[in-house]
Structures are given as structure tokens and as C-alpha cells.
Amino acid sequence: MKLKGSVPAAFVLLLPALICLAVFRLYPIALAAWGSFCQESFEEAGRIIFVGLQNYADVLGDPLFWKSLWVTLKLNAVINPIQVVLALLLTVMVNQRFRGIAFYRLLLFVPIGVSLPIACVIWRLMLDPQSGLINSLLGQIGIDKQRFLIDEHQALWSVMAIATWKGVSFWMIFLWAGLQAIPSELYEAARLDGATAATRFFYITLPLLKRTLLFVLVTDTSVNFLLFVPMFLLTRGGPSYSTNVLMYESYRSGFIYGEMGRALAIMMVLILLVSITVVIQFYCLRQKESS
Amino acid sequence: MIHRLSTFLRHGGYLLVGSIFVLPLWWAFSSSLKPLAQIFHDTSPFNAHALLPFPLDPRAYLEIFRKGFGHALWNSFLVSFLSVTAGLVVNGCAGFAFAVLSFPGKNVLFALTVLTFLAPAEAIAVPLYTVVRNLGWLDTYAGLVVPGLANGITIFLFRQFFAQIPRELAEAARLDGAGWMTILWRIYVPLCKPAIISAGLLIFFFQWEAFLWPLIATRSERMRVVQVALAGFEQQHQTLWNELFAASVISSVIPLLILLPLQRYYLHLVVDSSIKG
């Protein structure tokens, strides 16, 4: 059915958002894309010249870029599934009803308040190899001191642990809101039919939570591909580039080495990478929805 | 007997998971109430006092407010509040248009909108800085609030939820002569309270936590928000960990205080739906 007055209403309702997006998102993206084809002139400092695909060619020929790409993919291949699955399991935990649950809910939601910069500062002190709380606690149960953030093989995992600690409770709010929206009659009916907790989870909770899960997965992925604060505050991409994600490599190129063209070219590659991943996620989850 | 054992195990499990979640902030809280020298003395080697605020010394809290932390809190609060109110209106309206109305170019516009959330402020910080500078908004509240107002994620969220509401409701209201704003306000908003709360929380937390953008878009002490002030603490007062912890605890507790009433609201929703059912 075609409704009257759709077009003018749509225009009015969309205008503020579209103006904001055009001025503060699309135009800067266009500037960034243009900048990725430019370099500062060698002859004349401050003069920007068009160099075509030169920055991209340089980047693709640079082993450090491929190393950063690998670190970015490794981080995201691990952290996104872990965060979403953990958030889902903990949401189911939080959604139980028994005496004292309110207290546990409070505990599980505490990290929401802690911003990522603060989380990084606190965790750095806790993970300090010499005087950190975690090594002291590990010592109590007879485990040797670990080097965590300053160890080439542990740094990325430590960053993931910090980001997950911080991220999971945040995503839980959304999953919990989705869970609350599922009519409780469905569960009662299933229980009367003798469905086990596992059956109820896989046949009621999961399918009805799909929209929320898709939203959480997509948002979480875009956040983690652009994860920057832990590398900026804790590891500076090291040790031995083991936490040097593309986001940080771009920051280093632009703000430490002053190669803005390279920084923007890397950023464009990163944005492309996120887009592809998100489209794949959409496609896969849509597919399941229709089957 | 078996029942008591399972209750015991359940509480044990919840307590274990809960303490992992709460440990860092609790440790920061205990440490913020200690004299500076005591903090690392207690963790290495481990002693039970590490997790207790003892000997009690609240001076760090008084000290940070003397150093102007209160104003940073006010700035963060104002910026977040403005972002949430204006953001809900702007993105809610856009989400409604995409979900309910039909107009030419809808799919292209929606794809473009969603695409923008793949490039948040962090990714385009440098060109965005140029735009905001040309508008003369550097070091102003407008410079902190307006660039992030329209947000692809939030519009996407609103569209997702508005699309779940049967179109017949809107069509019936339309035949009765209701305007689109009335339909949005009277039908869609009341039915989508969880979505609105989710969107509001999303905006609030993104803004409250924003670090990189406020860092580059503001210069004066007067405009400093909490996260930037905290980074300043670490640099200027390098060794004053108890003050850094005190500021961290305060700025972490505020979002929780905002979330707790909403948690009650979630529970009300459950009660409501079971009454109606």
C-alpha cells in the first residue's frame, strides 16, 4: 500500500541526520580518500602533491604493513567471536532468577562504567611484571611471574583480555535488552512440553535474539578493527610489533613519522577491510534467518 | 542435600565470575583511599591489605577536586547529555524514515548511512579536525557534540526495531488522518522503549568514553572532559596513583549510577509484558 505524504515527511525527518553525516562523515572520508593519493612534496615543505597510487604501492610493498595486517586479522579473528559468545553466555547467566542475583548482576555490569583509557591504566598496573597484583596473586598459587604486556608472545593476548574485560559487559546490556523482549510464555510452553534448558536456548533464545546478535557482532567488529587506545597507552605497537595493528600503524605513520599520505592509505585499506567483514557477517546471518 | 549443594555451586560460580569483573575497579577503589606509598607495598609481595582501603586516607579525593576535576566532570556530563537528547531525536527520526516511509533513493541513502559507521571519528580524525576548525568550533561544546550526533549505528539500530512493528498500525493511523510525527511519537516510540534506551546508552557511553576526539578538538583547561583530564593526571602528576585512581573511580561510578535505574526499567518491562500476556 502506498501511503500519502511519505516523501515530504521523509525529507524532513532525514534532513538533520543526512546533513550531519554529509558534513562530519562523508566529506571527511572523501578528504581522507583524496589525501591517500597525495604526498608532501620533497622540494617544497608543506606543498601537497598528487601522487596517484604511489602510497598504496609503497604500503603493499612494505613488510611492516603485512605484519600489521596479520596482527589486525589475528586480533579480530579471536576477539570478536570470544566477546560475542562470552557476552551471550553471561547474559543468560545474568537473566536467571534466584535469591541474590541482583548482587551478581551488579558485579558483572561494573566494567561498563570503566572507560577503555581508565581500564588500560588500571590493568597496566595490575599486569606489571614486578609489582603487579596479578603476578602477586599467581605467586600465591605457585605460578611464576609472567611478563604480559612486555612479552612478544603475551602482549596481544593481554590486550585482548583487557578489551574483552571492558567490552563484554557493555555488549551484555544490548543482549539482555533483547532477551527481555522474548515473551516468557514461549519458555513456559517449552518447559511444559518438556524441553531441556539447552533446547530452549537453541530453539527459542538464539533465533529470537538474532537481530540483536547481528547488531552486537557488527558493532563489536567495527570497534575492534579500530581498537587503538590499548596500543596507544600500553604497548606502542610493541614489543617487536606484536601488537602493531593497522590502526596504530596508521597513527604512527601520520603522527610520529609525518607521512600523512601513507597514514591515510592504510586507513582506507582498514575501512575497506571492516566493510568486507561486516558485509560477510550480514550475508551469513541473513542467510540463516531465511533458512 | 543435592539441592543445597547445587545452590552452593551456583553461588560459587557466580561469585568467581563476578569477582573477575569487579577486581580491577575494586583494587583501584581500595588504592584510591590509601596513602601513595602504601599502594604497591601491598601488592608485592601480595598481602590481603591490597584489596582493602587501609590505612584509610581520603585525601586523594579532596585533592583532585582542588585541581579542577569537578569542572571536567561537568563538561563530560553536559556533553553526554546534549549528545543523547539531540542524538535520539536526529537518529530516531532518520531510523523511522528508513523503516516506515517509502521514498525514492531509500536503499542508496540507507547503504550510505550505514557505511559511515565504518569510519568513526578515530578513523577520520585528521580531516574531521579540518572541518571543525573551518566551522570555528574548536574548543567549544558544539565541536564536541555536533560531529558525532548523526550516527550510522544508531540509525541502523532504530531502523531494525521500527521495522519489527507491524506496518498496519501506521497505515490504520494514517487512514484516520494522523500525521507522521504523531504516528512516530504515539505509536512507534512507546512500542520501542528498549530500543530507545539501548540507543541512548550507546550514545551516552560512546560520548562519555570518547578520548581521541576530545583530546584533539579541545585545547583549554576550561573545555577538558573527564577522559582527557585523566590522561593529563597521569602525565602531570606522574607518581600520584591514588589521585589517578580516585578520579578513575568517580568517572566509572557515574555511568553505573545512570545505568542502575534503567536496569529497574528493564525489569518493569518484563512485569508489564507478563501482565498483558
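Numbers for the structure displayed
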read-out: So A:Leu234, is it closer than 17 Å to A:Val94 by Cα and either open to solvent by 20 Å² or more (accessible area, probe 1.4 Å) or not in a helix (DSSP H, G or I) (or both); value: no
read-out: Meets criteria (in contact (Cβ under 8 Å) with a residue 12 or more places away in the chain and open to solvent by less than 40 Å² (accessible area, probe 1.4 Å)) for A:Ile112; value: yes
read-out: Every residue from the range B:29-75 that is under 18 Å from B:Gly232 (Cα atoms), aliphatic (A, V, I, L, M) and open to solvent by less than 40 Å² (accessible area, probe 1.4 Å); value: B:Ala60, B:Ile64, B:Ala72, B:Leu73
read-out: Unmet criterion (only one of (1) closer than 21 Å to A:Asn80 by Cα; (2) within 12 Å of chain B (Cβ to nearest Cβ); (3) modelled with pLDDT under 85) for A:Leu270; value: (3)
read-out: Index of the failed condition, A:Ile82 passing every other in (1) within 14 Å of chain B (Cβ to nearest Cβ); (2) under 29 Å from the mean Cα position of the chain (by Cα); (3) of a type in the set (Val, Ile, Thr); value: (1)
read-out: Count of the range A:170-190 residues which are within 14 Å of A:Asn80 (Cα to Cα) and within 8 Å of chain B (Cβ to nearest Cβ); value: 1
read-out: Failed criterion for B:Leu56 (all others in (1) in contact with a Phe, Trp or Tyr (Cβ under 9 Å, 6 or more places away or on another chain); (2) farther than 30 Å from A:Ala33 by Cβ; (3) not in a helix (DSSP H, G or I) hold); value: (1)
read-out: Spans of helices (runs of 4 or more DSSP H) in the range A:169-230 with at least 2 residues of a type in the set (Lys, Arg); value: A:210-225
read-out: The range B:76-111, subset within 30 Å of B:Leu33 (Cβ to Cβ) and away from chain A (no Cβ under 13 Å), residue surrounded by the most Cβ atoms within 10 Å (Cβ to Cβ); value: B:Val79
read-out: Residue ranges of helices (runs of 4 or more DSSP H) in the range A:1-117 with at least 2 members over 25 Å from B:Val108 (Cβ atoms); value: A:54-60, A:63-94, A:101-113
read-out: Residue in the range A:237-244 that is touching a residue at least 60 places away in the same chain (Cβ under 8 Å) and assigned to a helix (DSSP H, G or I) present; value: no
read-out: All positions within the range A:148-168 that are in a loop (DSSP other than H, G, I, E, B) and crowded, with 17+ Cβ neighbours inside 10 Å; value: A:Gln154
read-out: Extreme residue, farthest from the other protein chains (Cβ to nearest Cβ), among residues of the range A:31-68 that are among the aliphatic types (A, V, I, L, M) and within 13 Å of A:Met267 (Cβ to Cβ); value: A:Val59
read-out: Scan of the range B:136-145 for residues that are open to solvent by 30 Å² or more (accessible area, probe 1.4 Å) and either closer than 17 Å to B:Leu212 by Cβ or modelled with pLDDT under 90 (or both), ordered by number; value: B:Trp137, B:Leu138, B:Asp139
read-out: Matching residues in the range A:198-209 - criterion: being open to solvent by 30 Å² or more (accessible area, probe 1.4 Å) and within 13 Å of chain B (Cβ to nearest Cβ); value: A:Leu208
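The values are calculated or read from the model by the stated rules, or taken from the named source; none is laboratory data. Since the model is a prediction, treat every value here as computed from it, not as a measurement. Glycine gets a Cβ as well: all are built from the backbone with ideal geometry, and neighbour counts include every protein chain shown. What goes into the accessible areas is simple: the full protein's heavy atoms, side chains included, and nothing from ligands, DNA or RNA. Shrake-Rupley method; radii C 1.70, N 1.55, O 1.52, S 1.80 Å.
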